[in-house]
Amino acid sequence: MSELNWYVVHTYSGYENKVKANIEKTIENRKLQDQIFEVRVPLQEVVEMKGGVKKNVSKKMFPSYVLVNMVMNDDTWYVIRNTRGVTGFVGPGSEPIPLSMDEMKKLGITETEEEVQIDVEVGDLVEVVSGAWEGRVSVVKDINMNKQTVTIEVDMFGRETSVEIGFLDVKKL
C-alpha cells in the first residue's frame, strides 16, 4: 500500500466546494474511506470594510484549488481526476506531487502521528491547566479532533461563553 499524503487538485474557478462535495459523495458511494481520508478547501478569516462597517468573512486561501489527503493509487487517481469540476492534479504532466510536511504545517495541518489523543468525552468535567483560563473547571461541550481542541463554557461578565482550549491545556477531573 502506498503512503498517505496531501495532494493539490486544481478546479474550475468557483467550483471548490462543489468538487469537495462530489469527492466526498464518491468516497461514500465507492467505499474509499480507507484510501481518501479528507478533502479540504482552505479558508482564512479576513476583515472586510463595506459601507463603513467591518465584517469578518471567510475567504478561500487558494481559489481554484482543493487539498486531498489520500493514498495515491490508480483507483484514487481515477476518482479524483474524473470528478466534475476537476482539471487535474498539481504536478508535472499527469504526475501528482504530494505536499511536504513543511508546506502542510504552514497551512496549519500537522502530521497525524503528532496529534494528541485525549481521554475526555463530551460531558466530562475538566480543569484548565494553563493559559488565560488556568484553574477554571468546566464541562466539555464539544471536541474537535482536527483542531485538537475542546470547547468549554466559562462565566464571563455574568454570561456563559464558549471557549476553545487545546488538548494539552486541560486535564480530566
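A few notes on this one:
- Taken over the alpha carbons of the range 34-85 as equal point scatterers, the Debye sum produces base-10 log I(q)/I(0) values at 0.15, 0.16, 0.17, 0.22 Å⁻¹ of -0.57, -0.61, -0.65, -0.85.
- The calculated FRET efficiency for Lys18 paired with Lys54, based on their beta-carbon distance and R0 = 35 Å, is about 0.70.
- Centre-to-centre, using Cα atoms only, the range 60-107 and the range 154-173 are separated by 37 Å.
- Each residue of the range 120-132 was assigned a 3J(HN,Hα) from its phi angle through the Karplus curve 6.51 cos²θ - 1.76 cosθ + 1.60 (θ = phi - 60°); the sequence is 9, 10, 4, x, 6, 8, 10, 10, 7, 9, 7, x, 5 Hz, with glycine and proline shown as x.
- Projected label distance in nm at Trp77 and Asp124, using a 7 Å step from Cα toward the beta-carbon: 4.3 nm
- Highest-MSF residue in the chain out of Tyr65, Tyr15, Tyr78 [GNM, Cα springs under 10 Å]: Tyr78
- HN-Hα J in Hz across the range 14-30 - Karplus 6.51, -1.76, 1.60, θ = phi - 60°, x for Gly and Pro: x, 9, 4, 5, 5, 5, 4, 4, 5, 5, 4, 5, 5, 4, 5, 5, 8
- Zone of Arg30's modelled label, taken as backbone nitrogen in the range 50-76 under 16 Å from a point 7 Å along Cα→Cβ: 68-76
- Tally of Lys pairs whose C-alpha atoms are under 21 Å apart, taken over the range 40-173, 8 or more apart or cross-chain: 14
- Residue-count net charge about Ser162 - beta-carbon cut-off 11 Å; Lys, Arg +1, Asp, Glu -1: -2
- Between the amide H of Leu43 and those of Met61, distances stay under 5 Å, these residues lying 5 or more places away or on another chain, with hydrogens modeled in the peptide plane.
- The range 135-173: GluC sites (Glu not before Pro) in DSSP coil with no more than 10 other Cβ atoms inside 10 Å: none
- Computed per residue of the chain from DSSP H runs no shorter than four, each worth -39500 (n - 2.57), the mean residue ellipticity at 222 nm is -5000 deg cm²/dmol.
- Once backbone amide H atoms are built at 1.01 Å from N, Phe89 has His10 as its partners under 5 Å, excluding neighbours fewer than 5 places away on the same chain.
- Overall form of the range 1-150 per C-alpha gyration tensor (a/c, 1.5; a/b vs b/c): oblate
- Mean separation of Cα pairs under 8 Å and 6 or more residues apart, divided by the residue count, gives the chain a relative contact order of 21 percent.
- Choice from Lys54, Lys25, Lys147 with maximal GNM fluctuation in the chain (Cα, 10 Å cutoff): Lys54
Laboratory data are not the source of any read-out in this text; all were calculated from the coordinates shown. Remember, it's a predicted structure, so these values are computed and weren't measured experimentally. Reconstructed Cβ throughout: ideal geometry from the backbone, glycine too, with neighbour counts over all protein chains shown.
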